[in-house]
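Below is one structure; the comments refer to it alone.
The values are calculated or read from the model by the stated rules, or taken from the named source; none is laboratory data. All values derive from a computational prediction rather than experimental measurement. Cβ placement follows ideal geometry from the backbone for every residue including glycine, while neighbour counts extend to all protein chains displayed. All accessible areas refer to the heavy atoms of the entire protein, side chains included, with ligands and DNA or RNA removed. Shrake-Rupley method; radii C 1.70, N 1.55, O 1.52, S 1.80 Å.
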Amino acid sequence: MKNKINKSEGLIKKTPAYIILIITLLIILVFSVLYAVTIGSTKIPFNDVYGVVFHKLFDTGNPEIYGSGPLHDIVYYIRLPRLILAVAVGMGLAVCGVVMQAIVKNPLADPYILGVSSGASLGATLAVMLGIGTVFGSNSIGIMGCLGAFGISIMVLILANVGGRSNSVKLLLAGMALSSVCSAFSSFIVYFAHDKEGMMTISYWLMGSLAGAKWENIVVIFPLVVICVLFFTTQSRVLNLMLLGDEVSITLGTDLHKYRNFYLLVASLMIGFIVYCSGMIGFVGLIVPHVVRIIVGTDHKKLIPVSALAGSILLVWADVMCRVIIPKNELPIGILISIIGAPCFIYLMIKKTYGFGGKE
């Protein structure tokens with residue numbers, strides 16, 4: 001029986017059309033960021049917004065107006081950082097979704113499928129309810145969530161390799177088991193803590209938000225996400241083979257065991273930093289890869305770059321909507337993404353006009 005990956009399932013099959021798509025998405029992303037920075041609950045004239053931006057970039061304009069004061073702080077310390085963070089988080093979640101779906105060979109996988117969300121929740125619960133991680137100061141919740149997410153990924157990897165080499169099924173089962181354990185511990189701590197304010201803090205953090213964006217965090221997470229995305233783009237052949245399964249891949253001369261473990265660590269590192277900066281934002285890593293597969297097919301060489309750009313655009317506009325949809329208030333971005341993502345995913349599941357890739 002001949003096994004291959006169908007790489008021509010998408011609407012766009014030829015290379016020139018794919019290049020045009022990439023350029024178009026890049027233009028849309030740049031335009032989205034440039035326009036979104038002018039939108040907010042506080043109305044600021046377009047010229048003043050870009051007066052601040054150009055002053056920071058090229059040292060132009062009146063420094064007394066654009067170099068300090070409320071106008072400067074709103075644009076440079078609030079709006080611009082959260083948009084850049086939205087680009088990084090959207091890109092990272094979408095690509096992690098693609099990679100996780102390949103690692104576990106499951107189209108329903110998302111970046112949090114291997115217990116990452118439960119690990120992050122447990123870390124945040126320990127920080128809020130028990131005060132663990134206070135040494136990290138005001139960032140204790142985010143850092144503990146990051147450590148919990150990355151720590152659970154390491155434990156999943158170790159558990160999946162006990163009693164034999166890990167595979168997609170063992171990773172899923174290990175993730176489910178450890179996820180249940182983390183959820184149980186979180187519920188146990190919350191139940192006995194009797195801290196309503198702490199419960200509200202955890203709940204809000206788990207809803208996800210980009211409001212805490214800071215330049216000192218962005219200069220770390222943005223390069224990290226870009227490097228990881230570029231790395232996974234170079235690994236498209238191995239990710240394609242993962243859809244065929246271990247047995248077929250071995251006959252083709254590639255042992256997926258070490259690749260699967262390493263990819264999981266890289267993806268978990270990226271998710272850990274994303275959790276630290278933005279909390280838990282679901283559905284981006286699930287819905288974006290499915291939509292992009294309809295357009296470009298299942299070949300990861302095309303799937304990863306388009307997913308990265310699409311995820312960034314989605315989160316930029318989701319953040320804008322969160323800031324303006326409720327006057328003088330901000331909707332947690334995780335809620336909005338779920339409201340949009342769930343119906344879209346149900347529609348795709350019913351329509352099912354594309355293939356996930358793999359054996360034929």
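What to note about this one:
- Of all positions in segment 291-305, none carries a residue that is part of a loop (DSSP other than H, G, I, E, B), open to solvent by 50 Å² or more (accessible area, probe 1.4 Å) and in contact with a helix residue (DSSP H, G or I) (Cβ under 9 Å, 6 or more places away or on another chain).
- Going through (1) touching a helix residue (DSSP H, G or I) at 6+ places or on another chain (Cβ under 6 Å); (2) open to solvent by 50 Å² or more (accessible area, probe 1.4 Å) one by one, Leu173 falls short only on (1).
- Just one residue in the set Thr233, Thr201, Thr251 is surrounded by fewer than 19 Cβ atoms within 10 Å (Cβ to Cβ), in contact with a Lys or Arg (Cβ under 8 Å, 6 or more places away or on another chain) and among the β-branched types (Val, Ile, Thr); that residue is Thr233.
- Exclusive hit being part of a helix (DSSP H, G or I), modelled with pLDDT under 90 and more than 22 Å from Leu34 (Cβ to Cβ), set Leu286, Leu331: Leu286
- Selection status of Ile274, open to solvent by less than 10 Å² (accessible area, probe 1.4 Å), touching a Gly at 6+ places or on another chain (Cβ under 6 Å) and either at pLDDT below 85 or not in a helix (DSSP H, G or I) (or both): no
- Qualifying residue in segment 52-74 (condition: touching a residue at least 60 places away in the same chain (Cβ under 8 Å) and either under 27 Å from Tyr276 (Cα atoms) or open to solvent by less than 40 Å² (accessible area, probe 1.4 Å) (or both)): no
- Here Gly212 fits the description: touching a Gly at 6+ places or on another chain (Cβ under 8 Å) and not in a helix (DSSP H, G or I).
- In segment 129-146, the residue that is farthest from the chain's Cα centre (by Cα) out of those that are surrounded by fewer than 14 Cβ atoms within 10 Å (Cβ to Cβ) and hydroxyl-bearing (Ser, Thr, Tyr) is Thr134.
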